[in-house]
Amino acid sequence: MSEKNTTNETSWNLDNSYANLPKIFFTSLSPNLVRAPELVILNNPLADSLGLSVQSLQNQDGVAVLAGNQIPQGSIPIAQAYAGHQFGHFTMLGDGRALLLGEQITPQDKRFDIQLKGSGRTPYSRGGDGRAALGPMLREYIISEAMYGLGIPTTRSLAVVVTGEPVVRETVQSGAVLTRVASSHLRVGTFEYASKWGTAEELRTLADYTIQRHFQKVEADENPYLFLLREVIKGQAKLIAKWQLVGFIHGVMNTDNMTLSGETIDYGPCAFMDTYDPATVFSSIDTRGRYAYGNQPNIAAWNLSRFAETLLPLLHDNKEKAVQLAQDAIADFSELYHRDWLSGMRVKLGMFAAEEEDETLMEDLLSLMQKYGADYTNTFRALTLDKLSDMALFDAAEFAQWHERWQTRLGRQQETKEASHQLMRSSNPAIIPRNHRVEEALEAAVKQGDFSVMERLLDVLSNPYAYSSEQEEYTRLPAPSSCSYRTFCGT
């Protein structure tokens, strides 16, 4: 394999503002070379929006960049340092198998991190090989793009390249590199790292950088670091509400997996809920249900408290005053989340304005769904289409009573019934990336080299609110199984 060189054929327009931070926050190094890179999937619309040439990304030099064998012009590759609370326990972390190539400045003058995931060992690998397997990288591609289609803030996937080299996990698997695109990779864990091992000035520099990168609307007379805390809290309240409204379970809400930009990141043991149950857990390592569906808002508040603790030296010179400011800000999260969730549920049920009894109506429906084992997505889809059949829930007398209350509630609105259903269609996806469909696509791609199953799935997931005939087959539930679906870390 030859030494790396640089290229700019694909219209790379990279800046490296993160590399201007104090050296404590990163290590400069190049990706490890791979033997025989081959492009298996490229996100053409995303490439276009980034100002990148799709054709050039598909040629030999373009694929070499996506594999880490070639460095694009203007890139200063770095591995970012951060820490995190993993299942409540604090530890030193960092990019153990990822490198930030830089920040692509788009034709619209927007800035996005371009990161290679699975690019080899770094100083933060902690004994790992720094590589990634094809299946988990394709899984992240599918789920992140599905989240984008659902309108949920998320990192995105530009490409997956196979490396021509094996990686050893429980079995020998094909190696791969995913190119991840993010507003930034700043995390709660980045601030935990700065608070634990950095100086006060380095912490302040990181906070100033974060404000400049994501929250520039701070007023001159405001406390900028309290403003930062409040904005991050608002963003997370909106994000978690959106997760809950579509039945998404992240699976590993460690503080290093909480971005300050408010984007969903790290699609390891995540999945979408079928049968509605707040206790639903998919992750094989979450044996106590810490990150269960119903716990996600509380965990977000816990993570935000860890973020607030890192900012205490910046919030006020008086420690007691700083603690009070932080506590007051964190106390707002529950109300903000609750407001966002209520607003989203009203739309899911076709309600244009708020009434006092709305929450009771919502909670009663969810209780009935849990009691009768109703599918979360298909219940709201059926209500949207007004086709109430094929579920035990819809045959229950209790549901008939609830439905009458709901119709009475809608009848008090000035808007028409048709307008209510149109509102519901905008919020209730016809399809989600069903776990069995994702596994079906991955098995075809990884074991048979057939990417057509994945491509069809991605196509229907790109507009989940279309309610098209092509989506019908993807609404069907998996066959009954004696084994609960489980997901595993690996991305």
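Annotation: amide H-H contacts under 5 Å for residue 119 (H modelled 1.01 Å from N, sequence separation of 5 or more, or interchain): 98, 99.
Between the residues 341, 82, 312, the greatest Cα displacement towards the positive end of the dipole of the chain, with unit charges on the Cβ of Lys, Arg, Asp and Glu, is found for 82.
Computed from label points 7 Å out along Cα-Cβ, the spacing between residue 277 and residue 36 is 4.5 nm. Sorted on the mean count of surrounding Cβ atoms within 10 Å across their residues, most packed first, peptides 157-163, 96-102, 410-416 read 157-163, 96-102, 410-416. Excluding same-chain neighbours fewer than eight residues apart, the lysines reachable from residue 387 by a Cα-Cα span under 27 Å are 242, 348, 371, 417. Assuming charge only on the beta carbon of Lys and Arg (+1) and of Asp and Glu (-1), the dipole of the chain about its Cα centre is about 880 debye to the nearest 20. For the range 169-264, the convex hull spanned by the alpha carbon atoms encloses 151 Å³ per residue. Among 48-57, 446-455, sorting by the average number of other beta carbon atoms lying within 10 angstrom of each residue, highest first, gives 48-57, 446-455.
Report the local net charge at residue 263: Lys and Arg +1, Asp and Glu -1, summed over other residues whose C-beta lies under 12 Å from its C-beta. Let's see the in-between values first.
Working: positive: 156, 180, 187, 238, 242; negative: 113, 266.
Charge balance near residue 263 sits at +3.
Applying 0.36 nm per residue to the separation of residue 452 and residue 59 and subtracting their alpha-carbon distance, the gain on full extension is 139.4 nm.
Compared with the alpha-carbon gap, the fully stretched path from residue 469 to residue 331 is longer by 45.1 nm at 0.36 nm per residue.
Placing unit charges on the Cβ atoms of the charged side chains and taking the dipole of the range 385-453 about its Cα centre, the candidate lying farthest along the positive direction among 427, 393, 438 is 427. Note the angle between two axes, namely the Cα long axis of helix 134-150 and the longest principal axis of the Cα atoms of the chain, as a number of degrees from 0 to 90, rounded to the nearest 10. That helix lies at roughly 50 degrees to the long axis.
Computed on the chain, the Cα convex hull volume stands at 161 Å³ per residue. Solvent exposure of residue 263, expressed as accessible area, is near 30 Å², computed with a probe of 1.4 Å over the protein chains only.
Annotation: per residue accessible area for the chain equals 42 Å², rounded to a whole number [probe 1.4 Å, protein chains only]. Taking Cα atoms only, the orientation of helix 224-246 departs from the longest principal axis of the chain by about 50 degrees.
Here the range 45-67 and the range 330-363 have alpha carbon centers that stand 43 Å from each other.
Considering the dipole of the chain built from charges on the beta carbon (Lys and Arg +1, Asp and Glu -1) around the Cα centre, which of 62, 168, 236 is farthest to its positive end? Ranked along the dipole, the leading option is 168. Cross-link pairs exceeding 24 Å in C-alpha to C-alpha distance, out of 217/238; 117/447; 117/196; 110/217, comprise 117/196.
The peptide list 433-439, 145-151, put in order of mean Cβ contacts within 10 Å with the highest first, becomes 145-151, 433-439.
The values are calculated or read from the model by the stated rules, or taken from the named source; none is laboratory data. Everything numeric here is computed off the predicted structure, so don't read it as measured data. Positions of Cβ are backbone-derived with ideal geometry, glycine not excepted, and every protein chain shown enters the neighbour counts. Ligands, DNA and RNA are stripped out before the accessible areas are found, and what is left, the full protein with its side chains, is counted by its heavy atoms. Shrake-Rupley method; radii C 1.70, N 1.55, O 1.52, S 1.80 Å.
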